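The values are calculated or read from the model by the stated rules, or taken from the named source; none is laboratory data. It should be emphasised that the depicted structure is a prediction, and the values quoted were computed from it without experimental measurement. Ideal geometry is used to build each Cβ from the backbone, glycine not excepted, and the neighbour counts take in all protein chains shown.
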Protein chains: 2
Amino acid sequence: MSSDRSSPKQESSSGHNRVLDEAERLFRMRGYNAVTMRDIACEVGIRQASLYYHFASKEQLFVAVTERMFERHRIGLQQAIGENSHDLRSQLHAASVWFLSQPPVHFLSMVHTDMPLLAEENVKKLSACSYQSIFEPLRQTFIQAQERGEIRDIRPNWLAGFFLSVMESIPYATTFPGAAPKEVMVNEMIGVLLDGLKPE
Amino acid sequence: MSSDRSSPKQESSSGHNRVLDEAERLFRMRGYNAVTMRDIACEVGIRQASLYYHFASKEQLFVAVTERMFERHRIGLQQAIGENSHDLRSQLHAASVWFLSQPPVHFLSMVHTDMPLLAEENVKKLSACSYQSIFEPLRQTFIQAQERGEIRDIRPNWLAGFFLSVMESIPYATTFPGAAPKEVMVNEMIGVLLDGLKPE
DNA sequence: GTCTATAACCCGATAGAC
DNA sequence: GTCTATCGGGTTATAGAC
């Protein structure tokens with residue numbers, strides 16, 4: 001359905017955003033290098049060259065896709081944490097529910113495999129974006145829990161990284177035969193973490 | 001396939017192994033897809049076509065490189081754990097010392113980005129190889145600690161994955177400005193983990 | 001906005017000389 | 001064992017018609 005003329009800012013599923021959606025799905029599944037502009041165009045239902053009407057290059061498309069994804073996480077994460085701002089356990093639980101509701105970010109793959117293929121300018125942009133969207137909200141959560149005396153004094157930087165690294169491994173860990181459901185694994189992780197962080 | 005018996009064991013840095021060394025370094029730094037046979041040949045100091053005297057294809061070279069790396073980890077890990085077979089803390093410490101002594105494996109990137117580009121046969125081979133070289137030794141370590149009553153009863157599968165995922169994130173986490181040294185982070189992680197796993 | 005056609009380049013792999 | 005030369009194919013990106 002392509003009636004686009006009337007509404008001035010009708011970008012919901014029109015062209016631009018449709019490209020972003022399919023590109024995000026493919027980039028997430030196979031990484032930046034293994035996805036071709038042909039693949040993306042094919043999923044959208046147009047020809048490869050037509051993509052260049054919407055985005056100037058493959059790299060710019062990837063940056064736009066990734067920035068949009070991080071912004072989604074910033075909003076979702078801040079809302080999840082903010083709605084449970086009383087104790088750390090419910091905050092971490094809400095954060096984990098948010099992560100499990102989203103497709104995996106594959107953050108380490110992105111940093112290690114995708115980023116080095118981009119211009120340094122874009123690497124800086126995406127690194128800053130990931131930091132303030134995902135890392136910083138979690139870091140603040142741990143800092144506040146420490147100020148409330150809920151957990152003992154361990155570098156909040158490290159606690160955020162710890163939590164994220166385990167969350168990132170969940171999609172892989174649950175591919176094992178006989179593995180527990182994601183939710184169970186996450187709750188056990190939070191339990192162990194909070195027990196290990198009890199104040200003296 | 002006949003092999004010449006004239007030279008007894010002169011394969012240390014001779015041709016074949018020299019290719020394996022440089023290929024391993026490049027594949028680890030940039031991943032399978034982003035490294036070309038020309039890159040590898042250039043590092044070895046030969047021409048791209050000459051690589052095909054040693055390995056039948058890029059994929060076979062990657063498989064050989066990765067199998068050799070996992071075998072190294074199997075030996076190193078089993079030795080580190082076996083030499084400290086009295087309490088879990090010293091075993092995990094020894095395992096972490098081993099991992100920090102080696103270049104990072106980038107396991108999640110390998111599974112997510114590199115593996116899907118290989119033939120299914122090779123994916124199975126490398127998956128099995130990674131499991132028995134890295135995952136299974138750690139899993140057995142946790143199982144034995146549970147039998148000794150050192151830690152409470154949590155799926156050993158999950159504990160091994162937990163430990164590994166954090167170890168894998170260390171190379172990235174220590175790129176942050178003002179981050180603690182790797183050894184400090186690992187020791188804090190082991191401390192938190194063991195406190196969180198104390199038996200009732 | 002989408003198309004066709006194509007430029008310009010890089011890749012893995014093979015053939016065959018030395 | 002290493003070389004040169006090259007083939008066939010895939011890639012990003014551009015030009016210009018509709």
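Annotation: B:Ala95 fulfils all but one of (1) in a loop (DSSP other than H, G, I, E, B); (2) surrounded by 22 or more Cβ atoms within 10 Å (Cβ to Cβ); the unmet one is (1).
Residue by residue, here is whether (1) more than 11 Å from the chain's Cα centre (by Cα); (2) more than 16 Å from B:Met167 (Cα to Cα); (3) assigned by TED's automatic domain parsing to the domain that holds B:Gln146 holds:
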| position | (1), (2), (3) |
| --- | --- |
| B:Phe27 | yes, yes, no |
| B:Ala34 | yes, yes, no |
| B:Asp39 | yes, yes, no |
| B:Ser50 | yes, yes, no |
| B:Ala64 | yes, yes, yes |
| B:His73 | no, no, yes |
| B:Gln78 | yes, yes, yes |
| B:Ser85 | yes, yes, yes |
| B:Val105 | no, no, yes |
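Scanning the range A:181-200 for residues that are under 23 Å from the mean Cα position of the chain (by Cα) and surrounded by 16 or more Cβ atoms within 10 Å (Cβ to Cβ) turns up A:Lys182, A:Met185, A:Val186, A:Asn187, A:Glu188, A:Met189, A:Ile190, A:Leu193. Residues in the range B:34-55 that are near DNA strand C (Cβ under 8 Å from one of its atoms) and within 14 Å of chain A (Cβ to nearest Cβ) were compared, and the one that is surrounded by the fewest Cβ atoms within 10 Å (Cβ to Cβ) is B:Thr36. Residues that are more than 14 Å from the chain's Cα centre (by Cα) and of a type in the set (A, V, I, L, M) within the range A:132-159 comprise A:Ile143, A:Ala145, A:Ile151, A:Ile154, A:Leu159, listed in sequence order. Selection over the range A:37-84 of residues that are away from DNA strand D (no atom under 16 Å from the Cβ) and without any contact (Cβ under 8 Å) to a residue 24 or more places away in the chain gives a count of 7.
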